[in-house]
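Read through the structure below, which is laid out as structure tokens, and then see the notes.
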Amino acid sequence: MTVSRDPARGALAGLKVVDASTLFAGPLAAMHLGDMGADVVKVEHPRKPDPSRGHGAAKDGVNLWWKTLGRNKRAVTVDLGSDGGREVFLRLAATADVVIENFRPGTLERWGLGYDELSAANPGLVLARVSGFGQVGPYRTRPGFGTLAEAMSGFAAMTGEPDGPPTLPPFGLADGIASLATAYAIMTALHTRQATGRGQVVDVSIIEPILAMLGPQITRWDQTRTVQPRTGNRSTNNAPRNTYRTGDGQWVAVSSSAQSIAERIMRLVGRPDLIDEPWFAHGHLRAQHAVVIDEAVGAWIARRTRDEVVAAFEEAQAAVAPIYDAHDIVEDPQFQALGTIHEIEDPELGPMRMQGPLFRLSGNVGVISFTGRPHGADTDAVLGELGFTPDQVAAFREDGAV
């Protein structure tokens, strides 16, 4: 298979990214850049592929998560700890704008591939370093996974039922948030490079971006010495806010962050009397009376089908959403109108649907040119672009360097 990108279509066409990271935060950041047209070269160990190739569901022995995570990336195998691998990586970094890595702090330096060596070959290089706890501090060398960040950021402590345990998400939430922060940080460093001509090191810890998304918990503790309690699907800031079971066994979510929405909901469910209660005029006071509000809303919803509930809420201009699974998402007309789901021809499995780029630009099109490639599928082609002869590549392969 020949892989190619249409440079006229991507906003980041001409940008070269080397993705030397594994699992999720770094590779997701590289995926986001690749979706916008960057040429992404995925570097993996010749004998130890990215563990995400074995994560989650598979079909006919083909991993499905990798098809998404590895999309728009040319797959190369290089042993960075070998002499030949170091030579290859230095030459690859010399041609790149960005290198993304998530080894434990100090690992690249041990291999002679720290920023001093990389920037000597390429002063404009941006080195994005993604780790669990950052490049400094007492935890810097600890294994860093999203689960640990979800625990230590405060997320788990505020998630779950009031009388239940702290709850972790069933997906890579912290890694996903860190991937967005990494892509943002890379673009910030590249913008600075336009003025200075020099690259720099980007230090992203997985633990900090999710912390930033969790609201003013630090300021609340600083000023009041209180922490946000676990409230299940309810909110401490407004009510009604919960999930409710419909009469046909489906579920919907209701939100009332605006006072006007809360009033419309109570009129809709036949309890306008609650609007006159003194506590109803303020969201945090409504939240303190969530039991009585949920009883009214839940009873009304339980007597109707999901479609009837959604239609009635929409007519009343109140905020509701059906609770979807993947089947519902691909059938929903709003996602179809947005073009959220892309269909790509995969060489191994045929037509394949997946979620597309994060956003749309009026002047450029984000595109999935190809799905995740087999381990090392593009090694020879990429090394050829770097000027290595077939004999040199064969020698590297004989030594286990690629």
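Some values worked out for this structure:
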quantity: Residue that is surrounded by the fewest Cβ atoms within 10 Å (Cβ to Cβ), among those in the range 354-392 that are polar (S, T, N, Q) and part of a loop (DSSP other than H, G, I, E, B); calculated: SER362
quantity: Residues within the range 7-43 that are within 18 Å of the chain's Cα centre (by Cα) and open to solvent by 20 Å² or more (accessible area, probe 1.4 Å), tallied; calculated: 5
quantity: Per-region count, the range 282-306, residues in a loop (DSSP other than H, G, I, E, B) and of a type in the set (A, V, I, L, M, F, W, C); calculated: 0
quantity: Candidate set from the range 69-114 (those that are of a type in the set (Lys, Arg) and modelled with pLDDT of 95 or more); member that is surrounded by the fewest Cβ atoms within 10 Å (Cβ to Cβ); calculated: ARG110
quantity: Test set (1) at pLDDT 95 or above; (2) under 21 Å from ARG91 (Cα atoms) - ALA121 fails condition number; calculated: (1)
quantity: Which listed residue, of THR147, THR226, THR182, THR192, is assigned to a helix (DSSP H, G or I), free of Cβ contacts under 8 Å to residues at least 12 places away in the same chain and of a type in the set (Val, Ile, Thr); calculated: THR192
quantity: Failed criterion for ASP273 (all others in (1) of a type in the set (D, E, K, R); (2) in contact with a Lys or Arg (Cβ under 7 Å, 6 or more places away or on another chain); (3) surrounded by fewer than 19 Cβ atoms within 10 Å (Cβ to Cβ); (4) over 20 Å from ARG306 (Cβ atoms) hold); calculated: (2)
quantity: GLY61, sole failed condition from (1) on the phi < 0 side of the Ramachandran plot; (2) of a type outside the set (Phe, Trp, Tyr); (3) at pLDDT below 95; calculated: (1)
quantity: Tally, over the range 121-153, of residues that are surrounded by 14 or more Cβ atoms within 10 Å (Cβ to Cβ) and at positive phi; calculated: 1
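The values are calculated or read from the model by the stated rules, or taken from the named source; none is laboratory data. Note that the coordinates shown come from a computational prediction; the quantities given were computed from them, not determined experimentally. Positions of Cβ are generated from backbone atoms using ideal geometry, with glycine treated the same way; all protein chains shown enter the neighbour counts. In case anyone asks, the SASA skips ligands and DNA or RNA and just uses the protein heavy atoms, side chains included. Shrake-Rupley method; radii C 1.70, N 1.55, O 1.52, S 1.80 Å.
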